[in-house]
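All remarks here apply to the structure that follows.
Taken together, the values in this text are just the output of simple stated rules run on the coordinates, not laboratory data. All values derive from a computational prediction rather than experimental measurement. Every residue, glycine among them, receives a Cβ derived from its backbone with ideal geometry; neighbour counts consider all protein chains shown.
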C-alpha cells in the first residue's frame, strides 16, 4: 500500500521560506517508476499544481511559481521536499504531495500551511 | 496554460439520480484527463484516468467519456457516499491544470 505523508511547520511568517517534506512508503522513489509532485489547495478550494521531481533530480515547476520554488529529492530517505521562498498570505493553502507527474494516483493527506506574522 | 472549466459549478441531486458533470479544455488535450472526488478534510481521490479508465477499487457507477476538449463524468445512480466535490485535471501540457470543481449535494 503506497502512502505519502507531508510534514513541516504549519505556520510561516511573511517573507520567509516555507519548507515541507514528503515521506513515501510502499514504493521506492529511486525505482524510477514515477515522478513525484507537489500540489496546493487554497482556502477557497481551488487546486494549483506546483511541480514535480524525478529520482534523478529532474524537475519541472509551474511557471507561476518558478522563481520561488525548489523541489529536491533524498532517495536514501525515500523523501522529496518543497521550498517556497518569500511567502505571503497568498501562499496560505493545504499542501499535498502525490505520486505521478500528471494524473496522480496516490496523494498524501495534506498539511495546512498558514502564512501570518 | 490550458484552462479547464466545469459545469455546473454545483448541483443538488437525490440518491438514485443519474448525475453528469462536464469538463471543457481551452484546447485539445487528447484523453489526458483525470477525474477526482474530494470530501471535506480529505485529499482528492482519483476516480478516472485517461478520460475513461476506471481507477481500481472505484465503483462501476462512475464512468468517464470524451476526448479533445469536452469530457463528462457520469454517476449512474447516486449513492449517499457520493456527495462531494468533483474536479477534472488535464496533464496533456504542463503546467497541469485543474477545473474549478463541481459540488454535488443532497436535494
Original post:
For B:87-95, what's the mean count of beta carbons from other chains sitting within 10 Å of each residue's beta carbon?
Top reply: 5
**OP:** Would you mind ranking A:107, A:38 by Cβ crowding within 10 Å, fewest neighbours first?
**Re:** A:107, A:38
Original post:
Can you give the Rg to Rh ratio for the protein assembly as shown, taking only C-alpha atoms and Rh from Kirkwood?
Top reply: 0.97
Subject >> Per-residue average of Cβ from other chains inside 10 Å of A:103-112 >> reply: 5
Original post:
Can you give the relative contact order of region B:5-59 as a percent, counting alpha carbon pairs under 8 Å and 6+ residues apart?
Top reply: 24
Subject >> Per-residue average of Cβ from other chains inside 10 Å of B:96-102 >> reply: 5
Original post:
So what does the Cα-only Debye profile of region B:48-107 read at q = 0.14, 0.15, 0.19, 0.26 Å⁻¹, as log10 I(q)/I(0), no solvent term?
Top reply: -0.44, -0.50, -0.79, -1.30
**OP:** Tell me the Kirkwood hydrodynamic radius of chain B in angstroms, computed as one over the mean inverse distance between distinct C-alpha pairs.
**Re:** 13.6
**OP:** Express the relative contact order of region B:18-107 as a whole percentage, based on alpha carbon pairs under 8 Å and six or more residues apart in sequence.
**Re:** 33
**OP:** Would you work out the relative contact order for region A:75-117, in percent, from Cα pairs under 8 angstrom that are 6 or more residues apart?
**Re:** 39
Original post:
In terms of the Cα gyration tensor, with a ≥ b ≥ c the square roots of its eigenvalues, is region A:3-70 rounded because a/c is under 1.5, prolate because a/b exceeds b/c, or oblate?
Top reply: prolate
Original post:
Measuring from centroid to centroid over Cα atoms, what is the spacing of region A:38-86 and region B:80-105 in Å?
Top reply: 20
**OP:** Output the Cα-based Rg and Dmax of region A:12-117 in Å, rounding Rg to one decimal and Dmax to a whole number.
**Re:** 13.2, 41
Original post:
Hey, what D do you get for region A:40-81 in µm²/s if you plug the Kirkwood alpha-carbon radius into Stokes-Einstein at 25 °C and 0.890 mPa s?
Top reply: 214
